[in-house]
Amino acid sequence: MLPPGWEAQAKEKGALVRVRKVGSARELLRLLLLHAGGKLSLRQTVVRAAQWGIAQMSDMALFKRAKASGEWLGWMCRRLVEEQDGKGNWAVPGEGLRMVAVDSTDIKEPGARGASWRLHYAIEVPGVTSVFAELTDKHGGESLERYKFRGGDLVSGDRNYCKEGQIRHALLSGAHVLLRWHSTGLPLLRAEDGRPLDAVEWVKREAAAGMAETAVKTKGGLDLRLCALPVAEGVAERERKKVKESARKQGREASEDSLAMAGFIVLVCSLPREKHDLATVMSLYRLRWQVELAFKRLKSLLGASHVPKRDPGSARAWLQAKMLASLLMEKLLRQAEVFSPWGYLLAAKQPPLRVHRSARQPPALPLHGHPRPLAAEGRKDAARTLRRGQAQARQRKNTLS
C-alpha cells in the first residue's frame, strides 16, 4: 500500500533520527495514523499504543515525533499521488483528453477567526483519482501555476483561477482550460475586430433564452470561447441572496450586473468548437463538482475541517497524516475493484492448473481452515477454561454463604 522506500525516507527526512522508544518507521507511522486518522488525543494515543505493545512513550514525546514527521508524511503523500496520476483512465469524448478538476479548501486551527491552512488539490474526474495535493499556509494563493499539467489535460476550475497568466500557464503545458469566467479578472475582446466586449450585456441579451457562445480574445492574444447557460429560477434566487449577503458584509449595495449574472453559468473554454459543441462543454463542466466529494471526504469523514493544534509544525504533520489516510483509502478502493477470493492477483499469462485424479477431493477442513488436531485441542482448552470458571464461581458462592 505504501510507496517503495518509505521506511528509509523516515531517517532521511528527519522523522526517525534515532530509534528511542519508537523502534522503527513502521511503529512511528502506526502511532501517527492512530493519532490523526483515529481522532485520538496525544495522551489517548500513547495509552493505546502501550496497551497494544506498539511503543512506550509519553504524550510529549509523541508530540515531538509528530512535529518532526511532517516532511516524511508529505513525501509519502506526493509519491502516492504520483502512483495514482493517470490511473482514472477517463477520456473526454472526441479528443482523448484527461479532465483534471482543481480547487482548494481552507482549514482552521482552534480559536482562529480566518483560515490557518490551505489545501490545494487536483483530481481526475469522474474517477476521483488524486493527481496533486499540496498543503500551504493561509497565504498560499489559488493559482494554476502551482500545478503541473501535461499535454492532453482539460483543466476545470472556478473563477478564482480565471486569470490570463494562469490560463497561459496551462495552455503552454499543452492542456486546455474550462473555467468559470471572472468578470474583473479576465477582460475580454471581440474575436473579429479586437474591440472590448461588454460580456455582461452579451450574456443578458444572448443567453436569456438558452445556451449561447461567442469567440473571444484576451488582451494578451489568447483565443477562447465564452459560453453561457441560464440556471433554474430557484438556483438563481439562492445565488442572488448570496450576492446580497456578500455585499452587505462589505458595507455596499449589490450591483445590478452582479444580481443579473447570478442567473447564469458563464465559462471560458479553449476546446475547439468543431470537436466539442456547446452542450458538451457545459456537460463537462458539471463533472468538476466531483472535486467537492474529495474535499467532503477529507473534511467531514476524516475530521480535517479544524486542526486541533496550535504549533505550526505539529499542525502541518497532523494534516499530512490526514491526507495520507485519504490517499490510502483511495488506493484501497482501487485495489478492491479487482479483489479476488484467493487474496492476490494472478499472472497475466498462467497455464491452467492440472490436478491429478487422486487429488481432486482434498480432505475436509474444519471452520477457518485449521487442521482437525488443532481444532480438537482448541475445544479441549475451551472446556478446561469453562470448568475452571465454574469451579471458581462455586468457590465464591461457598465463601459468601
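Every number in this text was worked out from the coordinates using simple rules, so none of it is lab data. All figures in this text were calculated on a predicted structure; none of them were measured in a lab. So basically every Cβ, Gly included, is an ideal-geometry build from the backbone, and we count neighbours across all protein chains shown.
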Hey, which of these cross-link pairs are over 25 Å Cα-Cα: K219/K244; K244/K322; K204/K244; K138/K204?
K219/K244; K244/K322; K138/K204
Suppose R0 equals 22 Å; then what is the FRET efficiency for R18 and T136 from their Cβ-Cβ distance, rounded to the nearest 0.05?
0.15
Computed FRET value (nearest 0.05) for K64 with M329, which takes r as the C-beta separation and R₀ as 25 Å:
0.35
How long is the gain from R252 to T280 if the chain were fully straight, where each residue apart is worth 0.36 nm and the alpha carbon distance is subtracted?
6.3 nm
Set K39/K108; K21/K108; K163/K217, cut-off 21 Å on Cα-Cα distance; pairs above it are K21/K108
Compute the separation of the alpha-carbon centres of segment 1-36 and segment 149-199 and state it in Å as a whole number.
43
With r as the distance between the Cβ atoms of Q56 and M211 and R0 = 56 Å, compute the FRET efficiency 1/(1 + (r/R0)^6) and round to 0.05.
0.30
Ordered by packing density, taken as the mean number of other Cβ atoms within 10 Å over each peptide's residues, highest first, how do 15-27, 248-260 rank?
15-27, 248-260
What Rg and what Dmax come out for segment 115-232 when only alpha-carbon atoms are used, in angstroms?
15.9, 46
For segment 148-202, evaluate the Debye formula with one uniform point scatterer on each Cα (no solvent term) and list log10 I(q)/I(0) at q = 0.15, 0.16, 0.19, 0.31 Å⁻¹, rounded to two decimals.
-0.48, -0.54, -0.72, -1.16
